[in-house]
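Heads up, the thing below is written out as structure tokens.
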Amino acid sequence: MDPKKSIEVVAAVLRDGDRFFATQRGYGDWKDWWEFPGGKMEPGETPEAALVREIREELGAEIRVGALLETVEWDYPAFHLTMHCYRCTLASAAVELREHEAARWLGYEQLREVRWLPADEGLLPLLAAELLGADPRLARYLEGSVIPRYAAFDAAHREDHARAVVARALDLAPYYAVDRNILYAAAACHDLGLAVDRKTHHLESGRIIRGDAVLRELLGAEGLELAAQAAEDHRASGGEPRTVYGRIVAEADRLIDPETVIRRTIQYGMDHYPELDTEGHWERTRAHLREKYGDGGYLRLWIPESPNAERLEALRRIIRDPAALRSVFDTLFPLLLRK
């Protein structure tokens, strides 16, 4: 059997603040998949020169090439790919898509919204680590082995929810003297207990964290215990968290955007009480919102720097007005029913 062909390419990992640049292929077997722009090196060409040329040809843009970020080795069905990925920034403002169908700047929460080429997808944990200020080894484990477990949970607690909690928790980290890796692990693992039991999932999450040998190695015994306690304490009805990690994760777990809260409340009812009719779902939604988020509800804000304070008041204004709340319900319920 003939040996598999080997192809060596360079890729530009373009960063702008907290976003990375991705392009969608417009040709070939992998048309419509997303990648980091770049291409093959010509004979005698350095990787840096090849990147400057490729980006000029593909995007009509000038770039600054920095240090090598990673070399990815990947076996495709027809060839073996060696891809040298370099940190880059745009040196010109304009970008023209000459070969690609589309392009996007993606932050941490958006990195998984597109369908990546397999070799390029392998870079995502490293990019997550850079954006979150975390240990790349921890990011590789959490992004590749932990957060994917959320795919088996209900629609309100899927992978996008886990990453949203991670992002919000790490946004709050600069206000406190915390270890970002411990906080990252706690936020990523906070709902893992849903695989065992809904009512006690916070306690089950703590048990799962304590039993995770990889996390123990990466965080140490003390860090592991802090992460486990934070997961146990994240529930709004569970009383005041024991540590600042628990307070941050509990706050990050609350996206008090009025429409999002109402949508997730309706979605949870549809997933767990399918026997209810429309009026039954309306009554359950209204009762839950009043009990948790209404005036005198059990939800408390733990982090004063959180943007949730203003959002909670906006939600309470809707809850106080039954007609306004019913209008939002009547808009969202049919949309969720069709999914």
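Summary of values
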quantity: Scope segment 191-228; condition open to solvent by 70 Å² or more (accessible area, probe 1.4 Å) and touching an Asp or Glu at 6+ places or on another chain (Cβ under 8 Å); matching residues; calculated: Ala195, Val196, Leu203, Arg210
quantity: Filtered residue count, segment 40-76, keeping only those that are under 23 Å from Tyr27 (Cβ atoms) and among the polar types (S, T, N, Q); calculated: 0
quantity: Qualifying residue in segment 255-262 (condition: open to solvent by 30 Å² or more (accessible area, probe 1.4 Å), at pLDDT below 95 and outside any helix (DSSP H, G or I)); calculated: yes
quantity: Inter-residue pairs, beta-carbon under 7 Å, first under 23 Å from Glu225 (Cβ atoms) and in segment 237-262, second modelled with pLDDT under 95 and polar (S, T, N, Q), 6+ apart; calculated: Glu251/Ser306; Glu251/Asn308
quantity: Inter-residue pairs, beta-carbon under 7 Å, first within 22 Å of Pro136 (Cα to Cα) and in segment 200-224, second open to solvent by 50 Å² or more (accessible area, probe 1.4 Å) and of a type in the set (Asp, Glu), 6+ apart; calculated: Gly223/Asp179
quantity: Strands (runs of 3 or more DSSP E) fully within segment 1-94 counting 2 or more residues that are under 19 Å from Ala129 (Cβ atoms) and touching a residue at least 40 places away in the same chain (Cβ under 8 Å); calculated: 5-16, 19-25, 63-75, 79-90
quantity: Test: residue in segment 10-20 that is open to solvent by less than 60 Å² (accessible area, probe 1.4 Å) and modelled with pLDDT under 95; calculated: no
quantity: Some residue of segment 240-254 being closer than 24 Å to Asp330 by Cα and open to solvent by less than 40 Å² (accessible area, probe 1.4 Å); calculated: yes
quantity: Test result for Val114, among the β-branched types (Val, Ile, Thr), modelled with pLDDT of 95 or more and surrounded by fewer than 19 Cβ atoms within 10 Å (Cβ to Cβ); calculated: yes
quantity: Residues of segment 1-24 classified as closer than 19 Å to Thr82 by Cβ and out of contact with any helix residue (DSSP H, G or I) (no Cβ under 6 Å at 6 or more places or on another chain), total; calculated: 10
quantity: Some residue of segment 124-133 being open to solvent by less than 60 Å² (accessible area, probe 1.4 Å), at positive phi, part of a loop (DSSP other than H, G, I, E, B) and free of Cβ contacts under 8 Å to residues at least 60 places away in the same chain; calculated: yes
quantity: In segment 263-297, residue farthest from Gln229 (Cα to Cα) [restricted to those that are in a loop (DSSP other than H, G, I, E, B) and open to solvent by less than 20 Å² (accessible area, probe 1.4 Å)]; calculated: Gly294
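The values are calculated or read from the model by the stated rules, or taken from the named source; none is laboratory data. This is a predicted model, so every value here is computed, not measured. As a convention, Cβ positions derive from the backbone with ideal geometry for all residues, glycine included, and neighbour counts pool all protein chains shown. Just so you know, the surface numbers come from the protein's heavy atoms only, side chains and all, with ligands and any DNA or RNA stripped out. Shrake-Rupley method; radii C 1.70, N 1.55, O 1.52, S 1.80 Å.
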